[in-house]
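Below is one structure, written out as structure tokens; the observations come after it.
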Amino acid sequence: MKTRFLTPLALLLATAGFVHAEEVTVYSARNEPLIKPLFDAFTKETGIQVKVHTDKEGPLMAKLQAEGANTPADMLLTVDAGNLWQASNLNLLKPVKSAALEANIPAHLRDPGNQWFGLSVRARTIFFNKEKVNPAELSTYEALADKKWKDRLCLRTSKKVYNQSLVGMMIAEQGEAKAEQVVRGWVNNLATDVFADDTKMLEAIAAGQCDVGIANTYYYGRLVEKNKSLPVGIFWANQKTNGTHVNISGAGITKHAKNEKGAIKLLEWLSSDKAQNLYADVNLEFPANPKIKPDALVASWGDFKHNYVNVAKAGENQVAATKLMDRAGYK
């Protein structure tokens, strides 16, 4: 009787375990509409379900810290290397050894310790009002500190991690003193108060409120899709020096992942040719996998030289960048 009782129970537990093993839980700072098509395609191909919990990156990392070993999260998906670096620095992620990820994602777009991997590339470059600026006048981020741009520059707030990462990379390459000199020049050249987001800043350039600014390219792409005659041009910064600043959206496996195998399978799939075609197109970003071509609109902006310094430097210098911008009066 004992054996007859235990066998069905064992089967029930085994079945429950099987169901759990076939589900990956993702904590995502990316909006669900952007990632759901990808996860649906992964489930269709593999049979593995993906459960998503979305929030901003700060609350998600705090949740992971609070949950500790009891977290249901197998993967953390977010934007900006600064955020991913912060997650690894908080000991929330674990290293992954994967030949597929190392083959698909260039070394400068992943953590040197393999705790996170870029899945799309975000270029942050210079935009200008076509009616007021000849692109021949433009060259580098640093040159926007010149007096010729006095009362002509618009910037997004320094509170956003995108600008902290840009300044963090400048610190990595030029040192803190030079970076601070540049940021002070930007502040002196502002045409108006800083903007809450890139879209409002680009709209201000279009309206003639300012002549030039710095933004992520996908914000520009969204506006161009709505208004083909937008009087704003894109200029690839620093092409004769160190290349245009790029950052990433990316993901890592959580330290206490219950379904580590399934999560790695999802991460590898997201770096694959098929997923990369979907991934970059949904938000007009550049594929992290260099074998994949970008969306036609994105490709129309032309090729450009990337900055190949590892994006982890953005995170390493995040605190220094924030303090520097505060000293320079960059709100």
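Couplings 3J(HN,Hα) of the range 242-250, computed from phi: 9, x, 6, 5, 10, 10, 9, 9, x Hz, in residue order, whole Hz [Karplus 6.51 cos²θ - 1.76 cosθ + 1.60, θ = phi - 60°; x for Gly and Pro].
Of all the accessible heavy-atom surface of the chain, with the other protein chains kept in place and a 1.4 Å probe, what percent is carbon and sulfur?
Values: 8020 of 14810 Å².
The C+S portion of the solvent-accessible surface of the chain is 54 percent.
Rounded, prolate or oblate for the range 34-86? Axes are the square roots of the Cα gyration tensor eigenvalues, ordered a ≥ b ≥ c, and the cut-off for rounded is a/c under 1.5. Walk me through the intermediate numbers first.
Details: a/c = 2.61, a/b = 1.56, b/c = 1.67.
Oblate, since a/c reaches 1.5 and b/c is not below a/b.
What the range 199-326 shows is 41 Å² of accessible area per residue, with the surface traced by a 1.4 Å probe over protein heavy atoms. Between the residues Gly315, Leu144, Pro33, the greatest Cα displacement towards the positive end of the dipole of the chain, with unit charges on the Cβ of Lys, Arg, Asp and Glu, is found for Gly315.
Taking K and R as +1 and D and E as -1, what net charge do the other residues with C-beta under 10 Å from the C-beta of Ala191 add up to?
Details: positive: Lys150, Arg152; negative: Asp151, Asp193, Asp211.
Surrounding charge for Ala191 is -1.
Across the options Asn189, Ala107, Ala123, the greatest Cα extent toward the positive end of the charge dipole of the chain (unit charges at beta carbon of Lys, Arg, Asp, Glu) belongs to Ala107. When only the Cβ of Lys, Arg, Asp and Glu is charged (+1, +1, -1, -1), the dipole of the range 60-143 relative to its Cα centre reaches about 80 debye.
Near Val24, the amide H atoms lying under 5 Å from its own belong to Gln49, Val50, Lys51; only residues 5 or more places off or on other chains count, and H is placed 1.01 Å from N. Rounded to the nearest Hz, the phi-derived 3J(HN,Hα) couplings of the range 31-37 under the Karplus curve 6.51 cos²θ - 1.76 cosθ + 1.60 (θ = phi - 60°) are 4, 4, x, 6, 10, 4, x, where x marks glycine and proline. For the range 154-168, the Karplus equation 6.51 cos²θ - 1.76 cosθ + 1.60, evaluated at θ = phi - 60°, returns couplings of 10, 9, 7, 4, 6, 6, 7, 4, 4, 6, 4, 5, 4, 5, x Hz by residue, with Gly and Pro reported as x.
Taking the chain as a Gaussian network of alpha-carbon nodes connected by springs under 10 Å, the highest mean-square fluctuation of the residues Trp186, Trp149, Trp85 belongs to Trp149.
Distance cut-off 26 Å, Cα to Cα: go down the list Lys97/Lys313; Lys132/Lys226; Lys226/Lys313 and report the pairs above it.
Values: Lys97/Lys313 21 Å; Lys132/Lys226 22 Å; Lys226/Lys313 35 Å.
Pairs exceeding the cut-off: Lys226/Lys313.
The charge dipole of the chain, taken about its Cα centre with unit charges on the Cβ atoms of Lys, Arg (+1), Asp and Glu (-1) only, comes to about 240 debye.
Compute a Gaussian network model of the chain, connecting alpha carbons closer than 10 Å, and tell me which residue from Ser249, Ser120, Ser139 fluctuates the most. Ranking Ser249, Ser120, Ser139 by mean-square fluctuation puts Ser139 first. Entry note, the chain: the mean residue ellipticity at 222 nm calculated from DSSP H runs of n ≥ 4, each adding -39500 (n - 2.57), is -13500 deg cm²/dmol after division by the residues and rounding to the nearest 500. Over all other residues within a Cβ to Cβ distance under 15 Å of Ala29, the charged ones net out to +1, with Lys and Arg as +1 and Asp and Glu as -1.
Near Ala145: Cβ cut-off under 13 Å, other residues only, Lys/Arg at +1 and Asp/Glu at -1. The net charge is +3.
Is the shape of the range 191-331 rounded, prolate or oblate, going by the alpha carbon gyration tensor and its root eigenvalues a ≥ b ≥ c, with a/c under 1.5 for rounded and a/b larger than b/c for prolate? Oblate, since a/c reaches 1.5 and b/c is not below a/b. Apply the a/c threshold of 1.5 to the C-alpha gyration tensor of the chain and tell me whether it is rounded, prolate or oblate. Prolate, because a/c is 1.5 or more and a/b exceeds b/c. Taking all protein chains as they are arranged and a probe of 1.4 Å, the heavy atoms of Leu76 leave approximately 10 Å² accessible to solvent. Between the listed residues Ser271, Asn227, Ala87, the Cα displaced farthest toward the positive end of the dipole of the chain, a dipole computed from Cβ unit charges relative to the Cα centre, is found at Ala87.
The values are calculated or read from the model by the stated rules, or taken from the named source; none is laboratory data. Here the structure is a predicted model, which means the values were calculated and not measured. Backbone-built Cβ (ideal geometry, glycine too); neighbour counts: all protein chains shown. Ligands, DNA and RNA are stripped out before the accessible areas are found, and what is left, the full protein with its side chains, is counted by its heavy atoms. Shrake-Rupley method; radii C 1.70, N 1.55, O 1.52, S 1.80 Å.
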